[in-house]
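A quick write-up on the structure given underneath.
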Amino acid sequence: MLKIGVLALQGDFAEHAHMLRQVGVQPVEVRQPAHLTELRGLIIPGGESTTIARLALSAGLLEPLRDFAATYPTWGTCAGAIFLARRIRGEAAHLGVMDIVVERNAFGRQINSFTQPLAINGIGGGDYCAVFIRAPVIREAGPQVDVLARLDDGRIVAAQQGHLLASAFHPELTADTRMHAYFVRLCQ
Ligand code: GLN
């Protein structure tokens, strides 16, 4: 059975693990470097990017995560996308492995959360109901990055750079498993 990790330091890791089980994958909660062995991919969940970064640093996970993401499919959702980005506007980057520039909290506060039907490149079957909670946007995407989805105003909310995937929204908070299935195909 394919093993895919979920970084389980803070945030929505249990919800991602649930979604992986739905698509026939055994999720592995990653809390220390040794947990990365034998994984074929990794999800970095939404939560609070600064908290995830602080906990990853104290667990000695920053370098191992950087090495992992250099080779294996890695998907950052919301805070996880911020965690992957090469640059965060106004702050220092965390992993810095994906050639995107992100802006945190681009839609305001928790109370400004919203759902938005999105057409996502590569995800068949019609619009995807995307949940945005204190979400970032991708302000710039490098030449190797494919834009998968934009809002009506043109802002980028999902992107892929080879085996790296970033989404500003929360696919683990819906019953729609299509994005998880897409990521699992990348891991195979
Ligand atoms: N606002 C959070 C951050 O900046 C991300 C929010 C989320 O993951 N839902 O890290």
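Read-outs: derived from the displayed coordinates by stated rules, not from any lab. Computed from a predicted structure; not experimentally measured. With ideal geometry, Cβ positions are generated from the backbone for all residues, glycine too; neighbour counts draw on all protein chains shown.
Assorted remarks:
- Global form of segment 70-165, assessed from the alpha-carbon gyration tensor, a/c cut-off 1.5: oblate
- Across the chain, counting alpha-carbon atoms alone, Rg and Dmax equal 14.8, 43 Å.
- Residue 153 paired with residue 31, simple spin-label distance in nm, labels 7 Å along Cα-to-beta-carbon: 4.0
- Neighbour-count order for 88, 44, 52, fewest beta carbons within 10 angstrom listed first: 88, 52, 44
- Arranged from fewest to most other beta-carbon atoms within 10 Å of their beta carbon, 84, 65 become 65, 84.
- The chain: calculated mean residue ellipticity at 222 nm from DSSP helix runs of at least 4, using -39500 (n - 2.57): -7000 deg cm²/dmol
- Considering only the chain, percent of DSSP beta bridges that pair antiparallel, nearest 5: 55
- FRET efficiency, 1/(1 + (r/R0)^6) with R0 30 Å, evaluated for residue 163 and residue 116 via beta carbons: 0.70
- From the alpha carbon centroid of segment 79-128 to that of segment 22-71 is 18 Å.
- Ordered by the count of other Cβ atoms within 10 Å of each Cβ, fewest first, 58, 113, 167 give 58, 113, 167.
- Cα gyration tensor shape of segment 9-116, rounded if a/c is under 1.5, else prolate or oblate by comparing a/b with b/c: oblate
- Length added when fully stretched, residue 50-residue 1, from 0.36 nm per residue minus Cα-Cα: 14.3 nm
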